[in-house]
Structures are given as structure tokens and as C-alpha cells.
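Have a look at the structure below before the remarks.
The values are calculated or read from the model by the stated rules, or taken from the named source; none is laboratory data. Being a predicted model, the structure only gives us computed values, none of them experimental. Neighbour counts are summed over all protein chains in view; Cβ atoms, including those assigned to glycine, are modelled from backbone coordinates with ideal geometry. In case anyone asks, the SASA skips ligands and DNA or RNA and just uses the protein heavy atoms, side chains included. Shrake-Rupley method; radii C 1.70, N 1.55, O 1.52, S 1.80 Å.
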Amino acid sequence: MEVYREILPESYLLILADDVPPSFEREDTLDYALRRAARSGKSSVWVDCSQLHHLPPDAAELLAYYHDKLARHGMSLVLCHLTDDVRMELQALTASPPPVVSTLLDAERYCHRPATFGRFAS
């Protein structure tokens, strides 16, 4: 899996993409990117899955782990732009999946008012 990072004014954005050819592979892994996001000082981490067509089991576990870890420190981790297949994989692979919203704008809204969204908002 390829992970792109973008530091935004109030959040840390990770963009996940399906595997890329080995000649284009970067050293960044999801775990490394999530560790950096957790230490960024930002109050929220948004994970854009629009370029992801399959969610590996270890990635689902990492996302759930970091969601719980960040929540204990008053931070948010929110997933957005999931395909139906990736959403179903996430639900099947994790007992307590991170919150899912439709767009990055919804991710921002969720981080300011989580009570107004369901766990898997549409």
C-alpha cells in the first residue's frame, strides 16, 4: 500500500492507495505514517481511501488500533471516501472500526461535532 501525507492547518491527512509497482515503492508504510500523524500535534487525522480498492487485514487492524490510541489522547481519526467493498472489508476485519464519513469536509465536521454523526455516516 502506498501512503501519501499532507499536513493541513488543523489536521493531518493520509491518502491511501493500492499497491504500486516495486520500482515506484516508497519507504513509507501505514504504521510509520500513522505514528508521524499521532506525533504531529494536530487534533485530527483524516484518512482518504478514495484511491484504495482493497483493504489489507493488517491495515484495517492498524487503523482501528490508532483510532483507539488517538481517542485516548483526545485526538480523532476519521476515514473518508471508502468504496462499498473497502467499507465492507473494514467492518468484517475489525471489531470496532474507526468512524467513516463521506468526504473530507464531513471529516472536518465530524472532528468538531462527533455526536452528530453515526459510526458509519453516509
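Heavy-atom accessible surface of the stretch 1-107, averaged per residue, reaches 51 Å², computed with a 1.4 Å probe. Sorted largest first by accessible area at a 1.4 angstrom probe radius, with every protein chain in place, the residues TYR12, TYR65, TYR4 fall in the order TYR65, TYR4, TYR12.
Judged by the mean number of other Cβ atoms found within 10 Å, the most tightly packed of the peptides 40-48, 56-64 leads the ranking 40-48, 56-64.
Near SER44, the amide H atoms lying under 5 Å from its own belong to TYR12, SER76; only residues 5 or more places off or on other chains count, and H is placed 1.01 Å from N. Computed packing ranks the peptides 94-106, 70-82 as 70-82, 94-106, most packed first, by mean other Cβ atoms within 10 Å.
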